[in-house]
Amino acid sequence: MADLKPTLTLTGTQADLGATLSLSVDDTLSVTSPMQGVSKKTITTADDQELVATAGGVKYFYAKNTDTTNFVILQTVASQQYARLSPGEFCFFPINDGNGLEARADTASCVIEFAYWTKA
């Protein structure tokens, strides 16, 4: 078993935020196998490009769209969308046990950086 220590920091000073934004949260997450270290994969516009299997418990998932032009859709294996990552955007979130995760490029193939860890 190992620990994963995510940190999220949000800051902003634009007047339309209503006030200066300064938020930072962190956690310590206990993780175990199976896990996938940070990897890169080319995602096409086809369905069924599985990144995380449906079995095996809750997973903590990280992804970054490394493309400079096209967006990527993250979805369950049942095509329920989790997220849309525009060029350069990233995400980190838990995947519910049994949902799995697939990726699909919108208009042209993209390289996605991703990793996951199983909740202990």
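General remarks:
- Just one of the listed residues (Thr32, Thr20, Thr28) is over 22 Å from Glu113 (Cβ atoms), surrounded by fewer than 11 Cβ atoms within 10 Å (Cβ to Cβ), of a type in the set (S, T, N, Q) and modelled with pLDDT of 95 or more, namely Thr28.
- If you check Ala115, Ala108 for being exposed (fewer than 14 other Cβ atoms within 10 Å of the Cβ), of a type outside the set (S, T, N, Q) and out of contact with any Pro (no Cβ under 8 Å at 6 or more places or on another chain), only one passes: Ala108.
- Residues that are closer than 25 Å to Asp27 by Cα and either in contact with a helix residue (DSSP H, G or I) (Cβ under 7 Å, 6 or more places away or on another chain) or without any contact (Cβ under 8 Å) to a residue 24 or more places away in the chain (or both), drawn from segment 48-84: Tyr82, Ala83, Arg84
- If the condition is being touching a Leu at 6+ places or on another chain (Cβ under 8 Å) and either part of a loop (DSSP other than H, G, I, E, B) or within 21 Å of Leu4 (Cβ to Cβ) (or both), then segment 71-91 contributes Phe71, Leu74, Thr76, Val77, Tyr82, Ala83, Leu85, Cys91.
The values are calculated or read from the model by the stated rules, or taken from the named source; none is laboratory data. On a predicted model such as this, the values are computed, not experimentally measured, just so you know. Note that we place each Cβ from the backbone using ideal geometry, even for glycine, and neighbour counts take in every protein chain shown.
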